[in-house]
Amino acid sequence: MAQNPFPLGKDELLKAYRTMRTIREFEERLHVDFAKGDIPGFVHLYAGEEACATGIMMHLNDNDRIASTHRGHGHCIAKGVDVHAMMAEIYGRSTGACRGKGGSMHIADLSKGMMGANGILGAGAPLICGAALAAKVRGDRGVGITFVGDGASNQGTFLESLNLAAVWNLPVVFVVENNGYAESTAMEWAVSCDSYVDRATGFGMPGVTVDGTDFFAVYEAAGEIIRRARDGGGPALLECNMVRFYGHFEGDAQTYRAKGELEAIRASRDCLTILSERVIEAGVIGRDELQAIDREVNALIEDATRAAKAAPLPVPEDLLRDVYVAY
């Protein structure tokens with residue numbers, strides 16, 4: 001076995017690959033089933049962006065909190081939310097993570113520190129400031145991570161949250177998942193600065209930009225920023241430049257993309273291919289080991305889909321359940 005040149009051991013590398021492959025296959029299955037009309041509501045797929053969620057979440061535990069976006073399936077899986085419960089939720093079944101009442105854009109699992117996907121752009125930023133303030137008051141070294149896309153980064157709630165986190169020195173990491181398009185508008189048409197790090201600087205906090213298709217780049221940058229937050233260093237911003245393989249939402253015709261763009265990014269910027277080829281080339285993991293994971297993940301997704309389709313729908317009496325918390 002060759003000497004491992006990576007910052008993670010073999011078992012952790014296999015775990016990272018498994019997480020990324022699970023996200024990819026989960027999203028690919030939803031892409032097919034949504035087109036069949038099997039899934040209610042809107043669906044926004046995370047395929048192509050797996051390295052970002054995985055590289056960040058590997059530094060977190062269940063006590064750390066994350067606030068997600070409308071494109072939240074990858075964040076959920078990387079944070080440890082049960083795949084079967086997620087699939088059932090997306091299918092609107094009573095066995096889902098939110099008992100079938102949240103759907104794709106509102107999956108949550110507080111036991112895993114997943115405060116929820118969110119259909120309102122930028123809405124996770126103020127929520128995570130509250131979670132981070134609670135962690136600071138408790139003194140438990142917990143951190144909060146909030147995700148926004150390049151479009152949601154223009155929301156007033158996001159910019160106000162940058163200021164609040166800086167003023168209160170909160171243990172927050174603001175992650176901008178920059179896939180180049182705010183729905184259908186290219187970044188250069190909608191954002192006044194060249195880098196989101198400039199916005200962090202404007203609020204007196206550090207920031208860094210990384211290649212979001214490079215798992216190791218995300219992992220190492222996120223590790224430094226998260227350690228800083230745990231140690232009382234305050235908030236920071238992480239910009240991950242990445243790509244999405246599908247439209248803004250399922251059904252998006254993507255007429256705003258250049259001819260051949262999708263084919264080019266799949267061929268040259270697939271984060272799963274980049275990770276697998278690097279570890280194979282280094283001699284740390286064999287291709288057969290990754291293929292074994294692929295088969296296991298495919299079986300998991302198939303079983304989760306079968307179980308979701310067979311699960312019961314919520315009943316009318318469920319409508320008013322879980323509306324209020326009984327203390």
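Nearest 500 deg cm²/dmol is fine: what mean residue ellipticity at 222 nm does the chain get from its DSSP H runs of n ≥ 4 alone, each adding -39,500 (n - 2.57), divided by its residue count?
The helix-only estimate for the chain comes to -14000 deg cm²/dmol at 222 nm.
For region 10-307, with all protein chains present and a 1.4 Å probe, just round the carbon and sulfur fraction of the accessible area to a whole percent.
52 percent
For a quick check, take a GNM of the chain with Cα springs below 10 Å and name the residue from Ser161, Ser68, Ser192 with the largest mean-square fluctuation.
In this elastic network of the chain, the residue with the biggest mean-square fluctuation among Ser161, Ser68, Ser192 is Ser192.
Report the label-to-label distance for Ala134 and Leu313 in nanometres (one decimal), using points 7 Å from each Cα along the Cα→Cβ vector.
3.4 nm
With every protein chain kept in place and ligands, DNA and RNA left out, what is the accessible area per residue of region 91-219? Probe 1.4 Å, answer in Å².
Heavy-atom accessible area per residue stands at 41 Å².
Counting other Cβ atoms within 10 Å, keep those with at most 13, restrict to DSSP loop, and tell me which trypsin sites (Lys or Arg not before Pro) in region 283-323 are left.
Passing sites in region 283-323 are Arg321.
Give the shape of the chain as rounded, prolate or oblate, defined through the alpha-carbon gyration tensor: a ≥ b ≥ c are the square roots of its eigenvalues, a/c under 1.5 means rounded, and otherwise the shape is prolate if a/b is larger than b/c and oblate if not.
rounded
Using +1 at the Cβ of each Lys and Arg and -1 at the Cβ of each Asp and Glu in the chain, identify which of Val83, Pro316, Gln291 lies farthest towards the dipole's positive end.
The residue sitting most towards the positive pole is Pro316.
Would you please calculate the Kirkwood hydrodynamic radius of region 230-327 over all C-alpha pairs and express it in Å, rounded to one decimal?
About 19.3 Å, per the Kirkwood formula over Cα pairs.
In whole Å, how far is the Cα centre of region 183-248 from that of region 259-276?
Centre-to-centre (Cα) distance: 21 Å.
Pairs Lys10/Lys36; Lys79/Lys136; Lys101/Lys259: which are spaced more than 31 Å apart, C-alpha to C-alpha?
Lys10/Lys36; Lys101/Lys259
Pop a pseudo-label 7 angstrom from the Cα along the beta-carbon direction at both Ala35 and Gln155 and give the gap in nm to one decimal.
Taking the two extended label points, one gets 3.0 nm.
Specify whether the C-alpha gyration tensor of region 1-127 places it in the rounded, prolate or oblate class, a ≥ b ≥ c being the square roots of the eigenvalues: rounded for a/c under 1.5, otherwise prolate if a/b is larger than b/c and oblate if not.
Prolate shape, in that a/c is at least 1.5 and a/b is the bigger ratio.
Pop a pseudo-label 7 angstrom from the Cα along the beta-carbon direction at both Asp62 and Ser94 and give the gap in nm to one decimal.
2.6 nm
Name the helices (complete DSSP H segments) of the chain with a Cα length along the long axis of 24 Å or more and a Kyte-Doolittle mean of at least -1.0, or state none.
Helices meeting the span and hydropathy rule in the chain are 10-35, 287-310.
The values are calculated or read from the model by the stated rules, or taken from the named source; none is laboratory data. All values reported here derive from a predicted model rather than from experimental measurement. With ideal geometry, Cβ positions are generated from the backbone for all residues, glycine too; neighbour counts draw on all protein chains shown. Please note that ligands, DNA and RNA were not included when accessible areas were found on the heavy atoms of the full protein model with its side chains. Shrake-Rupley method; radii C 1.70, N 1.55, O 1.52, S 1.80 Å.
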